[in-house]
Amino acid sequence: MLDTRPLLLTSDFPEIKRGKLTTLQVNLGYKCNLSCTHCHVAAGPTRTELMDKATVDLLLSYIDFHRIETLDLTGGAPEMNPHFRYLVTQARERGVTVIDRCNLTILLEPGYEDMAGFLASQGVEIVASLPCYLEENVDKQRGKGVYNDSIEALIRLNKLGYGVPGSGLMLNLVYNPGGASLPPPQGDLEQAYKKELASRFGITFNGLFTIANMPISRFGSVLLSKGQFDAYMQLLKSSYAEANLSTVMCLSLISIDWQGYVYDCDFNQMLDIPMSESNFTLTAESGVIATDNKKLHLSEIVQRDLTGRPIVVADHCYGCTAGQGSSCGGALG
Ligand code: SF4
Ligand code: SF4
């Protein structure tokens, strides 16, 4: 795979600093029931990297100390971590909002038939990737049969109350463009998804998050192999909207990998650009970049206030500020 990381590190992206921390985004491991071609972490059924119980307990200590409001769980398929139910139950007992980034098909897998019911009983919010409402496009990105399984899972979730007005059970879908373009306006696409899924299957959901493709990991590699990297970076930079700078998600979250190491966001985690101890270099034109790879572990910051710390930025950050803005919660602003 071609790597865009060296091309991104020297950057003129503006300096930004952390605000009040409200959210922990946690990667529970790389095990997944699917092996999508575009997967950022090359997740799959045979991967064995999974967050252990000690690290899960560390997360809970962190949540307690910093009064974290939202726990955002990713993977792989986060539900496949053996400590998933323990973590969710403990977080919910503390009044924390829990988001499960669910690939939908896991809810149909043998051994996971009661997972949807568990999520509903805990009031977990579900954020599910459905890159298109058309079968052909979904199966191309995620694998044959994934569309039908996703639809079946959505119907099952609706039956439990997910995405049904007044139930309090949130079901949000995620869209990202198939190629080197910015997402269309979120509101318009949401209406199109709602109309299609309702008329074809009677499916309802709360909201659609449109997310810009980051020029990193597998998508970055595709850009390089097609000779589109420079043009895509130019598109991101020329679409820079300063207003988005005050709402980028790293201002209020940190990202934790399956081993408990800490990053300013999920994208920095994928790029292996860790939050580091005191090894930042500030350059006049390039904002902040980490100068070595010594990773900070959650155990080292459990009682530390990160407010006001510089965020490690690089050129991929333009993916968060382009156009309508982009975050794990969709368009900004
Ligand atoms: S469902 Fe998500 S985590 Fe699993 S292989 Fe596909 S992209 Fe990767
Ligand atoms: S990629 Fe986005 S969320 Fe991550 S550090 Fe850059 S601006 Fe912040």
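A compact table of results
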{"quantity": "Thr22 paired with Asp139, simple spin-label distance in nm, labels 7 Å along Cα-to-beta-carbon", "calculated": "4.1 nm"}
{"quantity": "Test item: Cα-centred dipole of segment 5-321, Lys/Arg +1 and Asp/Glu -1 on Cβ, debye", "calculated": "220 debye"}
{"quantity": "Debye log10 I(q)/I(0) for the chain, one point scatterer per Cα, at q = 0.10, 0.11 Å⁻¹", "calculated": "-0.57, -0.70"}
{"quantity": "Segment 69-175: radius of gyration over Cα atoms, expressed as a fraction of 2.2 N^0.38 Å", "calculated": "1.04"}
{"quantity": "Segment Gln303-Leu2, extension gain: residue separation times 0.36 nm, minus the distance between their alpha carbons", "calculated": "104.5 nm"}
{"quantity": "Taking N as its residue count, the alpha carbon Rg of segment 67-119 over 2.2 N^0.38 Å", "calculated": "1.12"}
{"quantity": "Dipole of the chain [Lys/Arg +1, Asp/Glu -1 at C-beta], most positive-end residue of Ile155, Asn244, Leu208", "calculated": "Ile155"}
{"quantity": "Global form of segment 167-244, assessed from the alpha-carbon gyration tensor, a/c cut-off 1.5", "calculated": "prolate"}
{"quantity": "Peptides 20-30, 90-100 ordered by average Cβ neighbours within 10 Å, highest first", "calculated": "20-30, 90-100"}
{"quantity": "10 Å-binned pair-distance histogram of segment 114-241 (Cα, whole percent)", "calculated": "12, 37, 31, 16, 4"}
{"quantity": "Distance in nm between pseudo-label sites at Arg156 and Ser35 (7 Å out along the Cβ direction from Cα)", "calculated": "2.3 nm"}
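Throughout, read-outs are computed from the coordinates displayed, never taken from laboratory work. Treat the numbers as computed from the prediction; the structure is a model and nothing was measured. FYI the Cβ positions are ideal-geometry reconstructions off the backbone, even for glycines, and counts take in every protein chain you see.
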